[in-house]
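For reference, the structure is listed below as structure tokens.
The values are calculated or read from the model by the stated rules, or taken from the named source; none is laboratory data. From a predicted model like this one, the values you see are computed outputs, not experimental measurements. Please note: Cβ atoms are built from the backbone with ideal geometry, for glycine as well, and neighbour counts cover all protein chains shown.
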Amino acid sequence: MTLSDPAVYLSLLVFLPALAALVMAVLPNLADESYKLISLAVTIFVFILTLGFFRSGAPISFERGAAEMQNLFNVEWIPSFGIQYFMGMDGISFPLVVLTAFLSVLAMAASWPINKHVKAYCILFLLLETGMLGVFLALDFFLFYVFWEVMLLPMYFLIGVWGGPRREYAAIKFFLYTLVGSVLMLIAILMLYFNSDLTRLNATQLADAGIINIAADGDAEQALAAWQESDSPLAKKYAEIMSEANPTERRQLNTFNILALQQMGQHTDLFEGEAFLGQSIQWWAFLLLFIGFVIKVPSVPLHTWLPDAHVEAPTPISMILAGVLLKMGGYGILRICYPICPGAGYDLAYFVCFVGVLSMVYGAFAALAQKDFKRMVAYSSVSHMGYVVLGLGVWSAVADTGYNPDYWKMGANGAMFQMIAHGISSAGMFFCVGVLYDRVHHRDLDKFGGLFAKMPVYSGIAIGIFFAGLGLPGLCGFIGEVLVVLSVWKYSYVLAIISAAVVILTAGYILWAIQRVYLGAEYKGPHPEALVPMTMRELSIGVPLLAFAIFFGVYPTAMLNYMQPTIDRQIDDLAVWTQEHDERATALNPLGPQEGTLGQLSSRN
Amino acid sequence: MDPQSTLPFLLMLAWLTPLASFVAIVFFGKYMGPHGKFAGYLATLAIVTAAVLSFTALFAVWLPNYPIKASAHHGETHDAGEVAAATGEFAEPSEPAHDLDADTHHAIDPNANNESPAYVTGNWYSLGKFGKLELTIGYYIDALTVGMFCMVTLIASCVHFYALGYMHDELHEPFVDHEVTLSNGEHLHRKGRFYRFFQYLSLFCFSMLGIVIAGNLAMVFVFWELVGICSYFLIGFYIERHSASTAANKAFIVNRVGDFGMLIGMMALWASIGTFNFGDIKNDEGVAEPGLFSQLRTEANDHHLVPTESMIAEETRMFGEVAAATGEEPTKNTAGQWLLFIAGVGIFCGCVGKSAQFPLHVWLPDAMEGPTPVSALVHSATMVAAGVYLVGRFYPVFTPEALLVIAYIGSITAIIAATIAITATDIKRVLAYSTVSQLGYMMLALGLGGWVAGMFHLITHAFFKGLLFMCSGSVIHAVHTNDMTHMGGLRKKMPITAYTMLIGCLAIIGAGIPLTQIGFSGYFSKDAIIEQAWNYADKSPQHSLFLKWLPVIGAAVTAFYMFRLWYMTFAGAPRDKHRYDHAHESPRVMTTPLIVLAVFALAIGWPIFGVYDMLDQARPLGTLATAQGQLWDVVVPNELLSHEPNLKQPAAIAAITAAGTGLLLATIIYLWRLLNPDELKQSFKLLHSALWNKWYFDELYNLIFVKPVLWLGSFAAWFDRGVIDSILHGAAAICRGLSKVVDFLFDQTVVDGTVNTFASGTWGLGLWLRRLQTGNLRQYVMFIVVGTVLLFVAITFLQSYLTPTQNL
């Protein structure tokens, strides 16, 4: 039980906020300010814990340049169903964990203007942080689902109690949308669970799934044998099943282990069986999961909860919502949909890309028409998150390109980069709107103007952050967008051209908003006297966001170095899978090798 | 000195110095002296340093290592802009070739290639590497880069000095903006923003130099956008003026339309070739990886433009099924050509936006909302030249078909902008349209195959247009209006401005003595363009109208509107007595740069300075030889052929005749007043209103682009609320309705009924059981015994019932 044990460290990271919330709940009543201070201290401490991973070589660290899962640990939780308390981090989750911890600090600092039921607010906020960190770290599907739901409820209350005038409507809308997504996800999880079978994996695959440990120079089979001798319930069950006489009639050993499911999806035919309407299990699982995740992203047409939720949510919650919660959708697609159901991903690649492009275009158009500042920013999120879905989906490693994975790598890395970049820029944008709203209590784009003269520092920061959203070079938004857009042509030049056109619309709505809010001679709305310069507290939120926006825009490899090895490996695996898949298809049907594969046909047009 | 290491170092310093100045002013500008005055000095110092470094790079490193030499083709007749220097020797000013016919017996081989230009290239750092794909920040330095560095930093230095004087008002506290009227009827009073202006200028210089030094297309794009945003800040410098911020938005968005095309071109190249590098850069193993240019113009193909295998594969992947369906098999010659064409035209789209070419020329005149030094620097000399520069830099990738598109766009732009300039009365807008028109000439030259002619005009134009803008600024500074109808006779009040501007006007119309080496700088560069137009039309007469005669007519129009401008401003009697009386010559800090630039405008094109030859030395490999289009019949002739006397002489005569005609017409109308402009206006009413309204481009674009986009935006917003949310609300209502029905039918009868029955049953049972509690101990014992027996029987029975198999 020391901090150098990943189980302790990661658990502390995830549950510290919840623990603090619990303590706060039982503590006698304190002054409101104290609750905020305690919560801020907790979020800062959690952030420091995540910074601990950057100490290379320390017992607990995240080694840059390594593709595999790190700080993996595995504790039996509900052995009868094979549910484990299983966590770890790799290049996909680590940046998101750091982002979550970072934005939680800033959002908590942005929570100072909250004066209603402060104790409850802080408790819910901290529970939310636990849920978010848990989602990114969980590697057991059941655990993942639990965290997913844990995050949902505090969010519901934070919008529904501390929100604006239509908060209840917005909160219920958010809740129901997400719940529908969760239900679909649950169905998919169970479909995968009941069709999974750990006994079908070989020793190396089990090691990749984090189930057995191979010593540095050890032999996989020996490790498997040693593991079967151990007294872990899973190992016992495994040994018991393997000892059954007839291999064809063995019982299945079901699992919720996400990494194991990935291995099964890519290396076995467990999920190939027909489920419904002539489509396979994995096809349906992919579709259900994808719908569940794009609700969160959110993608058109499942996005209408977002503008309402953002408009009604208080500023810090908007920051969290845009900065972290939306990323869970992209994370889910990258971590779960593609690796577990590659066949379906291959078939539906064009559909995925189309959803991405549709969101980019539609979100940008809708943003252009908004009169409410916050609503406009919300729609810009829809548009910007479309890049993420598009970048993840550009399955260009196909026969036509000689299974060249490079462009897809670029797209997926771009998508991942865009997630972080959007986390910074959109949180910043919502914060900037919040600064104004705290002062003049309105968000009508036509009733601002002239702020540059009254609040020069604030306007400078805001314009910088908005330009990051616009995708200006030198700021973080550009890198994500350009990596995604440049990768698309190799997959489909039609989608590439449409996605490139979005740069015009983005410039349109952002510049127009800047003109109406910050430029001009006079402020045209109510409470002009309230437009005072930013406070130190506000500066300490806005400046770091802008600084990171610039830093990652100028030196993107600082982030890519952490995420790229993992993503590259995943894409390489999928490229290999595609080639094998096509070869199998050719072997089965030598006359029409690639006929009937939706992804293949549509990738040409 | 070793150019491989010193050149990148010197130019990098020159490039980064303005950035350092920008950063310093961002953080400390406010505190730099009274009202941030020293920020101006800092920025000026930075750009002067950059200029010194650039000229050091030119004179101390570039020229000693790569001396200017005459072209390897000894057969050429030396044009007005060329220096005959012995091959391989150091550049020495020498006598121009006197006898124009002397060399003609050396036949020019139109298919011969030029020599490989010297260049230095490499990467500084990586933005991201994905397998074989890598985006980097790097450099590509050749004679063109060095020349552009000198030109940009020199003009920028002049502009900085000039701005120190011009922006002096911003040092006042408070600054009164007479163009902004507040709701209480007063003019706006605000703090001066002197330092902020120089902050933007510094950032602009950094961005512009970034484009010039860029070693790959991605880096060009990065700085392309940064230049765009600097332009946005500078046009919108008077943020309180609605017209200024609208013009800034327009500039940026119209540029983004061009960037959209540029992205398409970049994607096409990226997907098919997988590199953006211009030159061959050594990788970590020390092996030079071929860049775009050498991949597309391989030695095996004799440096002709031939699509790579990967391009052909990519094109087949894209169009393969379409071609198969229509039964068209791409022949060997055309394979990959379409993709190459798309890439070229796509990149050119970006240049169309940045260089304000038709049909994206609409932003530049509006950009005149910015302070005049900005117009001089950003919107005449450098930024708008970036588009032309990129076409020049990217020249090896343009197919003859793409070049034809470029030529046509250039020609149409040149004439459209020139005609609009005829009726404009805002002095800066005349110059803006003139800029558009001149950029059109450069594009035309490049499209016709006149690479050196186009780049040469880029350099000369930068000087005289910078001069013209700064002169106009000097006038505006004196009379506080842009409107030429309020000027007149000012040459007496401000002679330096007037006569330097006259030099600028003469330079832009290309004044010179035909067939000699005597003339203003524009004379050399414009003649080179017209000659190439003659050369092109000679090989392809079907394009004569657009590519030969329109440019000549444009030259006449140019002379007309430029002298109309000069006469209206400086000649005749004052039209506005009040303004005339208050007019004064500008301070020294403003007139000195005018004089410096006037000298350059006069002389930069002179052959003894060797600018033409230095550019000739940078001509991309393989672009000299006559090229044939593969997709349709296009011939891009060897530029050297344009120096043949049978083309050169009529072209030169036509050019000077056109300019003379325009000049004469302007003199007749505006100086001698033999014709009344108002009467002319009446007689050509329709034409005048078309010109006055800029051929209705703004109205047209508003109708076909802006309105539909806004409408689509509203539609999307409505669709969300009206359709998607309505469906949701409908679904919610149905759910609620259904739950009410269920509530009534099931809950209230069945569930509630069951529960109620159970409750009352329990109650009744309780009541009944109460009667058993008699307090009689014997009775209790009896109950226990009976109960136990019953329980035992029940368990035995149940057990045998539940496990029937064991009993069998």
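Go over the candidates B:SER544, B:SER540, B:SER525 one by one and state the one that is under 27 Å from B:PHE609 (Cβ atoms) and among the hydroxyl-bearing types (Ser, Thr, Tyr).
B:SER525
Could you go through the range B:757-767 and let me know if any residue there is away from every other protein chain (no Cβ under 14 Å), loosely packed, with under 10 Cβ neighbours inside 10 Å and assigned to a helix (DSSP H, G or I).
For the range B:757-767, residues away from every other protein chain (no Cβ under 14 Å), loosely packed, with under 10 Cβ neighbours inside 10 Å and assigned to a helix (DSSP H, G or I): present.
Among what's in the range B:196-238 and is small (Gly, Ala, Ser) and away from chain A (no Cβ under 12 Å), pick the residue that is farthest from A:ILE479 (Cα to Cα).
In this case the residue turns out to be B:SER202.
Being more than 30 Å from A:TYR379 (Cα to Cα), surrounded by 15 or more Cβ atoms within 10 Å (Cβ to Cβ) and over 25 Å from the mean Cα position of the chain (by Cα) is true for just one of B:LEU691, B:LEU680, B:LEU675, B:LEU712. Which residue is that?
B:LEU691
For the range B:669-676, state whether one or more residues are of a type in the set (D, E, K, R) and within 14 Å of chain A (Cβ to nearest Cβ).
No, because not a single residue in the range B:669-676 is of a type in the set (D, E, K, R) and within 14 Å of chain A (Cβ to nearest Cβ).
Table: residues versus (1) surrounded by fewer than 23 Cβ atoms within 10 Å (Cβ to Cβ); (2) touching a residue at least 24 places away in the same chain (Cβ under 8 Å); (3) outside any helix (DSSP H, G or I).
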{"residue": "B:GLY605", "(1), (2), (3)": "no, yes, yes"}
{"residue": "B:THR623", "(1), (2), (3)": "no, yes, yes"}
{"residue": "B:LEU640", "(1), (2), (3)": "no, yes, no"}
{"residue": "B:GLY660", "(1), (2), (3)": "yes, yes, no"}
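Residue check: is B:SER437 more than 24 Å from the chain's Cα centre (by Cα) and either surrounded by 24 or more Cβ atoms within 10 Å (Cβ to Cβ) or in a helix (DSSP H, G or I) (or both)?
no
Quick one: how many residues across the range B:107-140 are in a strand (DSSP E or B) and either within 14 Å of chain A (Cβ to nearest Cβ) or loosely packed, with under 15 Cβ neighbours inside 10 Å (or both)?
13
Name the single residue that is surrounded by the fewest Cβ atoms within 10 Å (Cβ to Cβ) among those in the range A:47-73 being closer than 18 Å to A:THR2 by Cβ and polar (S, T, N, Q).
Only one residue fits best here, namely A:SER61.
Can you find even one residue in the range B:171-186 that is away from every other protein chain (no Cβ under 11 Å), crowded, with 24+ Cβ neighbours inside 10 Å and in contact (Cβ under 8 Å) with a residue 24 or more places away in the chain?
no
Take residues that are at pLDDT 85 or above and among the polar types (S, T, N, Q) and tell me which of the helices (runs of 4 or more DSSP H) falling wholly in the range A:192-276 contain 3 or more.
A:258-267
Scanning for something surrounded by fewer than 24 Cβ atoms within 10 Å (Cβ to Cβ), more than 17 Å from A:LEU153 (Cα to Cα) and more than 15 Å from the chain's Cα centre (by Cα), does the range A:91-101 turn up at least one residue?
no
Please go through the range B:115-133 and pick out each residue that is in contact with a Ser or Thr (Cβ under 7 Å, 6 or more places away or on another chain) and in contact (Cβ under 8 Å) with a residue 60 or more places away in the chain.
B:ASN123, B:LEU127
Just name the residue that is farthest from the other protein chains (Cβ to nearest Cβ) out of those in the range B:244-278 that are β-branched (Val, Ile, Thr) and more than 20 Å from B:LEU127 (Cα to Cα).
That would be B:VAL254.
Quick check: is even one residue across the range A:151-164 outside any helix (DSSP H, G or I) and more than 14 Å from every other protein chain (Cβ to nearest Cβ)?
Among the residues of the range A:151-164, at least one is outside any helix (DSSP H, G or I) and more than 14 Å from every other protein chain (Cβ to nearest Cβ), which makes the answer yes.
For the range B:540-572, give me the residue count where each residue is buried (at least 24 other Cβ atoms within 10 Å of the Cβ), out of contact with any Ser or Thr (no Cβ under 8 Å at 6 or more places or on another chain) and small (Gly, Ala, Ser).
Count: 1.
Test each condition in (1) within 11 Å of another protein chain (Cβ to nearest Cβ); (2) out of contact with any strand residue (DSSP E or B) (no Cβ under 8 Å at 6 or more places or on another chain); (3) in contact (Cβ under 8 Å) with a residue 24 or more places away in the chain for A:ILE504 and report the one that comes out false.
(3)
Looking at the range B:141-170, which of the residues that are under 20 Å from the mean Cα position of the chain (by Cα) and among the small types (Gly, Ala, Ser) is farthest from the other protein chains (Cβ to nearest Cβ)?
For the range B:141-170, the residue satisfying everything is B:GLY147.
Report whether or not A:VAL388 is within 14 Å of another protein chain (Cβ to nearest Cβ) and either crowded, with 24+ Cβ neighbours inside 10 Å or of a type in the set (Asp, Glu) (or both).
no
Pairs needed: first member in the range B:17-35, assigned to a helix (DSSP H, G or I); second member anywhere, surrounded by fewer than 19 Cβ atoms within 10 Å (Cβ to Cβ); C-beta distance under 6 Å; at least 6 residues apart or different chains.
What qualifies is B:THR17/B:THR49; B:HIS35/B:LEU171.
Filter the range B:602-632 for residues that are farther than 20 Å from B:ALA445 by Cα and aliphatic (A, V, I, L, M) and give the result.
B:LEU602, B:ALA603, B:ILE608, B:LEU631, listed by residue number.
Any residue at all in the range A:412-434 that is among the hydroxyl-bearing types (Ser, Thr, Tyr), within 12 Å of another protein chain (Cβ to nearest Cβ), more than 25 Å from B:ILE273 (Cα to Cα) and assigned to a helix (DSSP H, G or I)?
no
Go through the range A:447-491 and count every residue that is small (Gly, Ala, Ser), within 9 Å of chain B (Cβ to nearest Cβ) and more than 24 Å from B:LEU203 (Cβ to Cβ).
Adding up the residues that qualify gives 1.
Go through the range A:518-568 and give me each residue that's basic (Lys, Arg) and more than 12 Å from chain B (Cβ to nearest Cβ).
Passing the criteria: only A:ARG537.
Give the residue that is surrounded by the fewest Cβ atoms within 10 Å (Cβ to Cβ), with candidates limited to residues of the range A:405-417 that are in contact (Cβ under 8 Å) with a residue 24 or more places away in the chain and under 18 Å from A:THR578 (Cα atoms).
Filtering first and then ranking leaves A:PRO405.
Could you list, in sequence order, the residues of the range A:507-529 that are hydroxyl-bearing (Ser, Thr, Tyr) and crowded, with 24+ Cβ neighbours inside 10 Å?
Scanning the range A:507-529 gives A:TYR509, A:TYR518.
Spot the failing condition for B:ILE604; the list is (1) within 27 Å of B:PHE278 (Cβ to Cβ); (2) more than 28 Å from the chain's Cα centre (by Cα); (3) of a type in the set (A, V, I, L, M, F, W, C), and only one is missed.
Condition (2) is where B:ILE604 drops out.
Condition (residue is assigned to a helix (DSSP H, G or I), closer than 29 Å to A:PHE431 by Cα, modelled with pLDDT of 90 or more and out of contact with any helix residue (DSSP H, G or I) (no Cβ under 8 Å at 6 or more places or on another chain)) applied to the range A:558-581: is it met by at least one residue?
yes
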